[in-house]
Amino acid sequence: MAAEVLTIKNLNKSYGTKQVLFDINFTVAKGEVVTLLGPSGSGKSTLIRCLNGLEEFQSGTYSFEGQEVIDNKDVWRQLRQKVGMVFQSYDLFPNLTVMENILLGPTKVQKRPRQEVIVEAQALLKKVGLENYQDVYPRQLSGGQKQRIAIVRALALHPEVMLFDEVTASLDPEMVRGVLEIIKDLSQNEHMTMVIVTHEMNFAAQIADKVLFLENGHILEETAGKDFFTKPQTKRAQEFLDSMDF
Ligand code: ADP
Ligand code: MG
């Protein structure tokens, strides 16, 4: 049994008076890929955002590598260095080149030597097929290219875990595959620990070690990836898969 990286226990989360996550429990082991699936509004984004402190939760505990994450700004700042996140909207800085976008975190926040990070960034850019784009600005890139840069930027911080929230949802269909291939490579070749929200069911079926199926803020089932897509435990999950034409 691989070591646990993330452990969430009895997490409850409300926006104002509206509770949106109810008694959430799960773990993510080192190298594991956990996929959050469920209908729109079920709480997937809220849950994934709790994992890097973008959302506060009202009760429950969150442990990272065995240490409980206490509610303290410095603790969360340190945690965010270890938990990389890429969203649906690529939030690159428009006034900075691709390379400057990538360098910002490692040099300013982590205080690593610029030259060392440049060499590493170039290798990462090559890996995602964008080695000739380091001096261009985000507006000169397609959506798929921007999303690949957003992934490189997150990886340059040497995260222990990567969170992906519907990173292909706003891309043209022909751009989707390239981005998914990068995520697949991260899992298969780098054994990156990941939590992924996606609507790409074929991709999820290939990559998920474990599926958490959410509805109305509850985890309705937790099922091994190899089983979920062919024999989910709940009727609701089967209906969901049918609705996704899977
Ligand atoms: P999903 O990602 O599964 O579509 P979300 O986590 O975005 O679901 O949303 C879960 C619930 O929380 C929904 O009812 C949504 O309307 C609500 N919600 C999400 N973000 C906010 C917010 N910032 N303020 C208030 N309610 C929110
Ligand atoms: Mg969402």
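The values are calculated or read from the model by the stated rules, or taken from the named source; none is laboratory data. This is a predicted model, so every value here is computed, not measured. All Cβ positions, even for glycine, are placed from backbone atoms using ideal geometry, and neighbour counts span all protein chains on display. Protein only, heavy atoms only, side chains kept; ligands, DNA and RNA dropped before computing areas. Shrake-Rupley method; radii C 1.70, N 1.55, O 1.52, S 1.80 Å.
Legend: residues ILE118, ILE70, sorted from most to least accessible area (1.4 Å probe; ligands, DNA and RNA excluded), read ILE70, ILE118.
Roughly speaking, what is the stretch gain from GLU181 to ALA3, that is 0.36 nm per residue apart minus the C-alpha to C-alpha distance, in nm to one decimal?
Working: separation 178, 0.36 × 178 = 64.08 nm, distance 2.61 nm.
Difference between extended and current length: 61.5 nm.
For the chain, the longest principal axis of the alpha carbon atoms and the long axis of helix 173-188 meet at an angle near 80°.
Sequentially through the range 69-77, phi angles give Karplus couplings (6.51, -1.76, 1.60; θ = phi - 60°) of 7, 8, 7, 8, 4, 5, 4, 5, 4 Hz, Gly and Pro residues having no value and appearing as x.
Each Lys and Arg contributes +1 and each Asp and Glu -1, all at the Cβ; summed about the Cα centre of the chain, the dipole is approximately 540 debye.
Quick check on the range 53-194: of the DSSP beta bridges with both residues there, what percent are antiparallel, nearest 5%? Write down the numbers at each step before the final one.
Numbers: 2 of 8 bridges.
About 25 percent, rounded to the nearest 5.
Within a straight-line Cα-Cα reach of under 17 Å, LYS73 can be paired with the following aspartates and glutamates, leaving aside sequence neighbours fewer than 8 residues apart in one chain: GLU55, GLU56.
Each part reduced to its alpha carbon centroid, the range 125-142 and the range 1-63 end up 33 Å apart. Fully extending the segment from LYS30 to VAL119, taken as 0.36 nm per residue of separation minus the present Cα-Cα distance, adds 29.3 nm. Solvent-accessible surface (1.4 Å probe) assigned to GLU215 amounts to roughly 40 Å².
Annotation: amide H of GLU215 within the under-5 Å range of LEU220, sequence separation 5 or more or interchain, hydrogens built in the peptide plane.
Which whole-number percent gives the relative contact order of the chain, counting Cα pairs below 8 Å spaced six or more residues apart?
Over the chain, the number comes to 26 percent.
So which of LYS126/LYS231; LYS9/LYS111; LYS13/LYS127; LYS18/LYS184; LYS82/LYS127; LYS127/LYS235 end up more than 32 Å apart, counting from Cα to Cα? Check vs 32 Å cut-off fails for LYS126/LYS231; LYS9/LYS111; LYS13/LYS127; LYS18/LYS184; LYS127/LYS235. Per residue, the average separation of C-alpha pairs within less than 8 Å and at least 6 apart gives the range 35-111 a relative contact order of 19 percent.
Cross-link partners of LYS30 among aspartates and glutamates, defined as those whose alpha carbon lies under 14 angstrom from its own and excluding same-chain residues fewer than eight positions apart: GLU4, GLU65, GLU160, GLU190, ASP209.
So what is the relative contact order of the range 141-246, in percent, for Cα pairs below 8 Å that sit 6 or more residues apart?
Details: 97 pairs, mean separation 21.7, N = 106.
After rounding, I find 20 percent.
For GLN188 and GLN19, what is the calculated FRET efficiency with R₀ set at 30 Å and r taken between the beta-carbons, to the nearest 0.05?
Details: r = 38 Å, r/R0 = 1.25.
Calculated value: 0.20.
What is the local net charge at ASN52, summed over the other residues whose Cβ is closer than 11 Å to its Cβ (Lys, Arg +1; Asp, Glu -1)?
On the way: positive: ARG49, ARG77, ARG80, LYS82; negative: GLU55, ASP165.
Neighbourhood net charge equals +2.
If you sort ARG77, ARG153, ARG177 by accessible surface, 1.4 Å probe, largest first, the order is ARG177, ARG77, ARG153.
Sorted by packing (mean other beta-carbon atoms within 10 Å per residue), highest first, where do 15-21, 3-9 land? Present the calculation step by step, with values, prior to reporting the outcome.
Details: 15-21: 12.6, 3-9: 17.6.
Those peptides, ordered most packed to least, come out 3-9, 15-21.
Once you wrap a convex hull around the alpha carbon atoms of the chain, what is its projected area averaged over all directions, in nm²? Average projection, Cα convex hull of the chain: 13.6 nm².
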